[in-house]
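Taking it in order: structure first as structure tokens, then the write-up.
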Amino acid sequence: MNKTIQTTCPYCGVGCGISAKVDEAHHRLKISGDTSHPANFGRLCSKGSALGETIELKGRLLQPKVYGRETSWTEALDLVADSFLSTIEKYGADAVAIYGSGQLLTEDYYVANKLMKGFIGSGNMDTNSRLCMSSSVAGHKRAFGSDTVPGCYEDFEQAEMIVLIGSNTAWCHPVSFQRIRAAKEANPALKIVVIDPRRTASCDIADLHLPLASGSDAALFNGLLHFLREQNALDFAYIEAHTEGFVEALNTAGIDIERVAKTCRLNKDDLHRFYAWFAGHKKVMSLYSQGINQSSSGTDKVNAIINCHLATGSIGKPGMGPFSLTGQPNAMGGREVGGLSHQLAAHMDFSSTDDIERVARFWNTSNIAKKPGYPAVELFDAIYDGKVKAVWIMGTNPAVSLPNADKVKQALQGCEFVVVSDCIADTDTTALAHVLLPAQGWSEKDGTVTNSERRISRQRALFKPADSAKPDWWIITQVARRMGFEQAFHYQSPVEIFREHAQLSGFENNGLRDFDISAFADITRHEYDHLQPIQWPVNQAYPQGRARLFEDGRFFTESGKARFIAITPRQPVNLPDQDYPLILNTGRLRDQWHTMTRTAIAAKLNQHKTEPFVEVHPDDAHYLSLKECDEPLCGREIISATGARMN
Ligand code: SF4
């Protein structure tokens, strides 16, 4: 019998609600957008719409494997637990690690983090969300004292100006882009500015595109702060009442528009137009994504943007504020549970002894980690160097997706013990595993995810698990029990984990921490099964959730005031030069997700871009004597315009 189940899309951080008509007998799905879900109100992009084509069992990992041989869950789990225990005994807790993913559900993430940081006693749990979100996390913490996204999607419709910075929203967050486009159609006075070195599809609706020099974003926003001061467009009452550090930030930002234009290689008139628009509108939203976050000075860029919003008091109210677009479906949920190696749990981290003691009390453990572990890139360096000898990779494909992928491959090839849990059998990373654990796929999993606007939604199982596939939380719990932590990992279902997560968020909180979902501390299974999308915090003060934070100008710093951060921009790369004649920038394909292990299964998603490609600016192409559809550069020696050699 067909039934309709409301669930959530497993791809990007927009977090669209899906209405899935399930034909269990034929293992088929009819997908449509959930018209009642506040993230998308029925809209879906090409990826979400094609989910029904990605659920086939071909290519799935369906049985545990040990050294290439199919085996029972018992043998595989025993081996993982024994190997982790013996590695810890021989080399210490920091010789093991977990590398997770924004694809994991919050409940999976919670138990993985609890196992590593609370009971194994190492900070070595990090996640691929490190690559997309850690700059925002750090920027938020510096400015607000908490990792808080202040606004919500509703603000798109209420803004007077939307600035897209380092974000090809049209391809990477398509439904948010559709929503912005609709807002522009309904209100043509809404100004859209795109700040991106490339002219992308997002520029289709832009009133202004600023093709700044790669890496020069902080200088551009420092210049904006300076301009706002010159134009007397600052909100001094707000600055005085609700912030600190303004004078130092302003003095450090002292860069006039001439110099900004030169630094950013922008047309001065265009730059002035943007600055004047920002100064002339109160309801400004600054949406930023990987072009800001994935940078060696990403945190400074985030704070340079936030500084401008604090200076104009345009934060925490309808239609305004800085807004980080999360890449993955549950990047936000991972941050909530403490999935980054410097975090502990429930928006507490290793920088506070009180936090460490509080979490240890709550988890009732004497073996809690006391210091951060390796962040993602350093983690694989540590594996390469032989410092980390056993690693468990969950739901991600770092042999392709991490920078310097060849080194990552070598690291895993040389690692003594590699465990991979995944729903896909053949990825570049599963090929390097000693133990493979079949995880359930999107259509089988049950739990929660949190999107860019802090909205927690249920992901619901549509089908029975394929063959021997198990939920990630179950796999982790089974290993934890075998390692001797039965009492702390007693869970029988995801609702029990969610309940504990909610209890921890409210534990000794007293309004000190932004992440508080203590209203769910006693949630029943029935309530969990019927949970409707809701934005945290969800507590006694806000039982129905909260669309915006900081409306009252109170922040989570010690003083209660937001902090301006003085930003000295890192010099933008001055290319081309003799050794590096070109800048390579990466992007996302509209119809594919991550390393394509799932989306490439859907034939129609391969039609948008049928093969990998490189786009080259016509000037560079001319200098390099390249023509459309030319042979690949590899293996050819090319002399660039600067006379440098490229091989
Ligand atoms: S916009 Fe993102 S969440 Fe929404 S359907 Fe597309 S991929 Fe899924």
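The P(r) of the chain has a tail past 32 Å containing 49 percent of all C-alpha pairs.
Please give the charge dipole size of the stretch 93-224, origin at the Cα centre, charges +1 on K and R Cβ atoms and -1 on D and E Cβ atoms. Round to the nearest 20 debye.
Dipole size: approximately 240 debye.
Other residues lying with their Cβ under 10 Å from the Cβ of LYS282 contribute a combined charge of 0, Lys and Arg counting +1, Asp and Glu -1.
Across the stretch 133-324, the relative contact order, built from alpha-carbon pairs under 8 Å that are at least six residues apart, equals 34 percent.
Taking the Cβ of LEU210 as the centre, find all other residues whose Cβ is under 12 Å away and add up their charges (Lys, Arg: +1; Asp, Glu: -1). It would help to have the intermediate numbers written out before the result.
Working: positive: ARG198, ARG199, ARG265, LYS268, ARG273; negative: ASP196, ASP207, ASP217, ASP269, ASP270.
The answer is 0.
Taking the stretch 133-324 as the region of interest, the number of lysine pairs whose Cα atoms are within less than 21 Å, with members eight or more places apart or on different chains, is 14. The simple Förster model, with R0 at 30 Å and r as the Cβ-Cβ distance, assigns THR35 and ALA541 a FRET efficiency of 0.50. With respect to the chain, whose longest principal axis is taken over its alpha-carbon atoms, helix 73-91 is tilted by about 70°.
Over the chain, what is the mean sequence separation of C-alpha contacts under 8 Å (at least six apart), divided by residue count, expressed as relative contact order in percent? Spell out each step's value before the answer.
Working: 1362 pairs, mean separation 135.7, N = 647.
Relative contact order comes out at 21 percent.
The stretch 167-183 and the stretch 198-248 have Cα centres separated by 21 Å.
The tail of the calculated P(r) for the stretch 133-324 beyond 20 Å holds 50 percent of all Cα-Cα pairs. According to the Cα-based calculation, Rg over Rh for the stretch 490-531 is 1.02, with Rh computed by the Kirkwood formula.
So if I place +1 on the C-beta of Lys and Arg and -1 on the C-beta of Asp and Glu, and nothing else carries charge, what would the dipole magnitude of the chain be about its Cα centre? I want it in debye, nearest 20.
Values: 67 positive and 75 negative charges, 135 e Å.
It comes to approximately 640 debye.
Using only Cα atoms and rounding to the nearest 10 degrees, what angle (0 to 90) does helix 174-186 make with the longest principal axis of the chain? In the chain, helix 174-186 runs at an angle near 40 degrees to the longest axis.
For the chain, the antiparallel share of DSSP beta bridges with both residues in that region comes to about 45%. Helix 129-144 and the long axis of the chain differ in direction by around 60°, with both axes built from C-alpha atoms.
Only helices enter this figure: runs of n ≥ 4 DSSP H residues, each worth -39500 (n - 2.57), summed and divided by the residues of the chain, yield -9500 deg cm²/dmol at 222 nm to the nearest 500.
Taking every alpha-carbon pair under 8 Å whose residues sit at least 6 apart, the stretch 292-417 reaches a relative contact order of 13 percent.
Within the shell of other residues whose beta carbon sits under 11 angstrom from the beta carbon of ALA480, the net charge comes to +2, with Lys and Arg scored +1 and Asp and Glu -1.
Coordinate-derived values only; no laboratory data. Keep in mind it's a predicted model, so treat the numbers as computed, not measured. Cβ coordinates were reconstructed from backbone atoms using ideal geometry, including for glycine residues, and neighbour counts include every protein chain displayed.
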